[in-house]
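The values are calculated or read from the model by the stated rules, or taken from the named source; none is laboratory data. Bear in mind that the values here come from a model prediction, so they are computed numbers and not experimental data. So basically every Cβ, Gly included, is an ideal-geometry build from the backbone, and we count neighbours across all protein chains shown.
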Amino acid sequence: MKKTASKIREEIAKLQDVLKAAETREAERIGRIALKAGLGEIDIEDSALLAAFEDLANRFRTDPATRRHGSVDARSRSAKPADVAQGEAASISSGTAQGGIGEA
């Protein structure tokens, strides 16, 4: 049975709503973690912050020790949260931390 164009459009609209909700949940989760790490207190340009997040994402994509379900190496487990936040902050140039990176 073939679907009509209007039925397909309805399905697409529903899927877009589902996608938007999933992106919102992901953004809220990442935002909470970033705030816990102290990124809300750092004055940084959006472009520099985006580049740092892209570097971080690439590190997690390529390092099997850091993939899914909290698997981390011994160095990460022993590091204090403040030490980790300071280390990440040191590698990022200053600018403005406020903005809408990735907002839909």
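Which of the residues that make up the stretch 28-45 are on the phi < 0 side of the Ramachandran plot, surrounded by 15 or more Cβ atoms within 10 Å (Cβ to Cβ) and touching a residue at least 40 places away in the same chain (Cβ under 8 Å)?
Selection gives Ala37, Leu39, Ile42, Ile44, Glu45.
Taking the stretch 1-102 as the region of interest, the helices (runs of 4 or more DSSP H) fully inside it that hold 3 or more residues being in contact with a helix residue (DSSP H, G or I) (Cβ under 8 Å, 6 or more places away or on another chain) and at pLDDT 55 or above are 46-62.
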